[in-house]
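Let me begin by presenting the structure, written as structure tokens, before commenting on it.
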Amino acid sequence: MRGAMVVPFAFMHAFGPFLGAVALQIIKQTSPYAYKRAFYSQFAIVGLSLIPCILLPETHIFYCKKGQHDKPKKSLRFVIGYDLEHEQKVVQREVQDSDALIKTYGSSAWYSLHKWKMFRRTKISVLRIMMQGLAGAALTFGYSTDPFLGSVAMYVVLIVGVLCAVYPVEVAGRRRQVLVDASICILADIGIGGLAFAPVTGPAPQAIVALVCVWMAGYSVSLQAVGWLYLGELASVGLRAKSIGVASVFQSSVNLLLSYTVPLMLSPQKAGRGAKIGFFFGGISIFWLTLIYFSCPETKGRTATEIDELFEKGVPAWRSNSYFEEKKAKAAREAAGEVE
């Protein structure tokens with residue numbers, strides 16, 4: 001259920017900008033000179049967000065890492081609510097296995113993070129989360145013939161796509177979902193770039209908006225919904241916070257770079273490439289998706305210890321599913337042989 005529980009996080013990332021677009025349109029139509037109300041409303045949102053921050057307990061993993069084994073039940077009761085003894089034992093075992101693994105690489109967690117096998121896991125997290133920007137978000141989120149209607153259409157597709165990702169993320173798996181649906185984004189990028197050569201007086205602008213919605217559908221089901229989920233699953237339990245922090249820095253750096261350069265590429269006064277930069281994002285996404293194919297394993301239904309085993313034994317990403325199936329089949333054969 002990890003995937004289904006993380007998808008609401010992606011949903012809020014889509015729902016917030018949607019509300020922002022609606023609020024700005026209301027202000028534009030009712031009192032355009034009172035635009036500061038949009039800024040003031042942010043304080044109310046911050047205030048509301050403080051409520052769950054105050055009510056949420058500390059994580060059970062934190063307590064286990066600190067050796068305070070009597071306190072995790074409070075967190076588990078809030079999050080899960082049942083079978084607390086079993087869940088606490090599972091968490092303690094995962095934390096112990098992770099700490100033992102980290103100690104084999106060095107005395108410091110930051111030092112262990114630079115060792116190849118741990119660094120590889122962080123690198124995969126960085127590759128995966130950076131593709132959210134490199135897939136063309138700076139182009140598609142900003143392209144529209146009508147700012148309000150375009151934003152509403154795109155965010156509605158994004159919201160519906162994120163909600164639809166709840167089921168396949170637990171059935172099809174993270175890896176397949178990313179590879180298939182990110183390929184849709186690549187095709188949409190290339191299609192947008194191709195339509196940019198068509199006359200603007202024809203149906204090309206409307207066709208580009210349609211492709212933007214197609215891109216948004218592929219993005220919402222894969223990169224938006226699975227991005228942060230992969231970050232939490234790929235890192236070892238003891239290094240999870242550090243790995244997520246490193247990946248977030250890289251993602252923010254890429255978004256900052258694209259937010260500055262993409263308007264220059266689009267502007268007729270600068271590079272003047274317009275929607276033709278869809279070829280740029282399509283090309284770089286093909287390269288990035290190839291890296292993800294060869295590096296990102298399937299983590300659906302795997303415990304933290306099993307994911308540690310994948311990386312420690314150097315199992316190729318494309319064999320991550322079959323590895324455990326073969327291991328299970330071998331164990332069954334050995335058990336049957338013992339019975340005989």
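Computed from the coordinates by the stated procedures, all read-outs in this text should not be read as laboratory data. Small disclaimer: the values here were computed from a predicted structure and weren't measured. For neighbour counting, all protein chains shown are included, and Cβ atoms are generated from backbone atoms with ideal geometry for every residue, glycine included.
A few comments on the model shown:
- Residues Ser151, Ser125 in ascending order of nearby Cβ atoms (within 10 Å, fewest first): Ser151, Ser125.
- Asp70, Asp308 arranged by Cβ crowding within 10 Å, fewest neighbours leading: Asp70, Asp308
- Peptide packing: for 186-193, 280-287, 172-179, the average count of neighbouring Cβ atoms within 10 Å per residue gives the ranking 186-193, 172-179, 280-287, highest mean first.
- Note on the stretch 117-156: Cα-only Rg and Dmax are 15.4, 48 Å.
- The equivalent ellipsoid that matches the C-alpha gyration tensor of the stretch 177-235 spans semi-axes of 30, 9, 7 angstrom, in descending order.
- Kirkwood Rh in Å, taken over all unlike Cα pairs in the stretch 246-340: 17.4
- Crossing angle, helix 320-339 versus the chain [Cα axis fit, 0-90 degrees, rounded to tens]: 20
- Exposure proxy ranking, count of Cβ atoms within 10 Å, fewest first, for Met12, Met118, Met216, Met130: Met12, Met130, Met118, Met216
- The value of relative contact order for the chain, using C-alpha pairs under 8 Å at least six residues apart, is 24 percent.
- Computed over the stretch 263-340: relative contact order in percent, which uses C-alpha pairs under 8 Å that are six or more apart: 19
- Put simply, when 264-271, 222-229, 133-140, 252-259 are sorted by average Cβ atoms within 10 angstrom per residue, most first, you get 222-229, 133-140, 252-259, 264-271.
- Divide the volume of the convex hull around the Cα atoms of the stretch 57-207 by the residue count and you get 178 Å³ per residue.
- The distance separating the Cα centre of the stretch 275-301 from that of the stretch 40-84 comes to 35 Å.
- Directionally averaged shadow of the stretch 45-104, computed from the convex hull of its alpha-carbon atoms, nm²: 5.1
- Angle between the chain longest axis and helix 278-295 axis [Cα atoms, degrees, rounded to 10]: 0
- Share of pairwise Cα-Cα distances greater than 18 Å in the stretch 166-307 is 64 percent (whole percent).
- Projected onto planes of every orientation and averaged, the convex hull of the alpha-carbon atoms in the stretch 121-208 covers 6.8 nm².
- For Gln42 and Asp83, the difference between the fully extended length at 0.36 nm per residue and the C-alpha to C-alpha distance is 10.8 nm.
- 12 Å beta-carbon shell around Gln88, net charge (K/R +1, D/E -1): +1
- Semi-axes of the equivalent ellipsoid of the chain are 40, 26, 18 Å, computed as sqrt(5λ) over the eigenvalues of the C-alpha gyration tensor in descending order.
- Relative to the longest principal axis of the Cα atoms of the chain, helix 147-164 runs at roughly 20 degrees.
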